[in-house]
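Just below is one structure, and these are the notes that go with it.
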Ligand SMILES: Cc1cc2nc3c(=O)[nH]c(=O)nc-3n(C[C@H](O)[C@H](O)[C@H](O)COP(=O)(O)OP(=O)(O)OC[C@H]3O[C@@H](n4cnc5c(N)ncnc54)[C@H](O)[C@@H]3O)c2cc1C
């Protein structure tokens, strides 16, 4: 599925058009009928996640040798967009599982760790979560309090991680914490299995949007983590996390594309159907401009997202471009969903129409995996260091 690896093109190649079609069909058949029910009940869609595993979405970019689908990042963008167009909260489950947990594991594990953990995650037999955020450290990960203390052939891990996506359903966590060595605080990443004694799920969050995704606090109390579960060396965890977040941001941008495209399609449909003053809404220039702006900005967001994916697919630096894409697309998801409600009038405010949910789901995208302010900081740092 990786044909456009060597050319940057927002238009899909033939294989990608087929992929898009098949994911679209999956989302229409397997997700759409349940969207409202899952959202109302804040119910994690375990059956759908299992089906996504069977379809190869959960291990999309993992090589086939580890039971993944061997797709490109651009292909993953297509999967994320199509799933999120129908239910962004399922896109978020995929973003945390694949874009954070699996991506961290695959990028920084040794061969033994890969063989042990990746196939079950890539096929969806197990669900993954990624634990960076803490009660007192969000944007500033350097302030984290979780500690792992070396004790012979294992570490003892203590700490609390907040807002962890998939936490209640995940079996495998990548946890970033501090190992203190000769007075130096070194961020270090570990693979922690939920079955280890001392791992517990504390508070499950009740959220504005993304309600079918699970968000919970995870507590680690004197958890014995074998030394062979350390990812890389002591002190590698901070750099690893920044790299993982760079890649994850392409996924969040793709998730945003799904919301924007969903808003555009719903708005066009509604504007043609609804009549006021003896005309369809689509005949009012005010509506036409909103739709034209939304579509123009969507194309720009696609360009930024596929550009970042193209750079990553080709082994080129992509951090700045991933932040461009995440910042632009997530902010646009918020404004486009607001405009889409405006086009729908009062009907946009009620749950029978999809734009109400897009509006609630979109806001998370300007917060998770680095807020919009942090994206601007990242971009500015690249620019100021480059010149
Ligand atoms: C639904 C959901 C799912 C999540 N999933 C995960 C997950 O799976 N794993 C995980 O580890 N985390 C997860 N998070 C946490 C998320 O990544 C953090 O919420 C985010 O990084 C912001 O941290 P914070 O909430 O502590 O806000 P803070 O860092 O306290 O920021 C508060 C405000 O201050 C601003 N601010 C902070 N520092 C600066 C600065 N230097 N300059 C300018 N403005 C600044 C921020 O932009 C923001 O507007 C999730 C969060 C939510 C809500």
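Values quoted throughout were computed directly from the atomic coordinates according to the rules given, and no laboratory measurement underlies them. Just so we're clear, the structure is a prediction, and the values are computed from it rather than from any experiment. Cβ atoms come from the backbone with ideal geometry, glycine included; neighbour counts cover every protein chain shown.
Structure summary
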quantity: Solution diffusion estimate, µm²/s, Stokes-Einstein, segment 261-387, Kirkwood Rh from C-alpha pairs, 37 °C, viscosity 0.692 mPa s; calculated: 206
quantity: Fully extended contour minus Cα-Cα distance, from residue 54 to residue 181, at 0.36 nm per residue; calculated: 41.4 nm
quantity: Degrees separating the helix 285-313 axis from the principal Cα axis of the chain, which is the longest one; calculated: 30
quantity: For segment 294-323 and segment 141-160, distance of Cα centres in Å; calculated: 36
quantity: Sequence of 173, 136 once ranked by neighbouring C-beta atoms within 10 Å, starting from the fewest; calculated: 136, 173
quantity: Kirkwood-based Rg to Rh ratio, the chain, C-alpha trace; calculated: 0.98
quantity: Label-to-label distance, nm, for residues given as residue 145 and residue 200 (7 Å Cα→Cβ offset); calculated: 1.7
quantity: Relative contact order (%) - segment 238-386, alpha-carbon pairs under 8 angstrom, separation at least six; calculated: 31
quantity: Rg/Rg_globular for segment 129-235, with Rg_globular taken as 2.2 N^0.38 Å and Rg from C-alpha atoms; calculated: 1.04
quantity: Angle between the chain longest axis and helix 237-273 axis [Cα atoms, degrees, rounded to 10]; calculated: 20
quantity: Fraction of beta bridges assigned by DSSP in the chain that are antiparallel (%, nearest 5); calculated: 85
quantity: Efficiency of FRET from Cβ geometry, residue 21 and residue 273, R₀ 41 Å, rounded to 0.05; calculated: 0.95
quantity: Cβ-based exposure ranking for 67, 222, in which fewest neighbours within 10 Å come first; calculated: 222, 67
quantity: FRET E, pair residue 373, residue 115, Förster distance 35 Å, beta-carbon r, rounded to 0.05; calculated: 0.30
quantity: Length released on extending from residue 224 to residue 314, taking residue separation times 0.36 nm less the Cα-Cα span; calculated: 28.5 nm
quantity: Length-normalised contact order of segment 277-356 in % [C-alpha pairs under 8 Å, at least 6 apart]; calculated: 20
quantity: Computed FRET value (nearest 0.05) for residue 156 with residue 300, which takes r as the C-beta separation and R₀ as 51 Å; calculated: 0.55
quantity: For segment 33-103 versus segment 258-279, the gap between their alpha-carbon centres in whole angstrom; calculated: 28
quantity: Value of relative contact order over the chain, rounded to a whole percent, pairs C-alpha under 8 Å and six or more apart; calculated: 17
quantity: Ranked 130, 289, criterion: other C-beta atoms within 10 Å, fewest first; calculated: 289, 130
quantity: Using alpha-carbon coordinates, inclination of helix 319-344 to the longest axis of the chain, degrees; calculated: 40
quantity: Reciprocal mean inverse distance between Cα atoms of segment 3-127 - Kirkwood radius, Å; calculated: 14.9
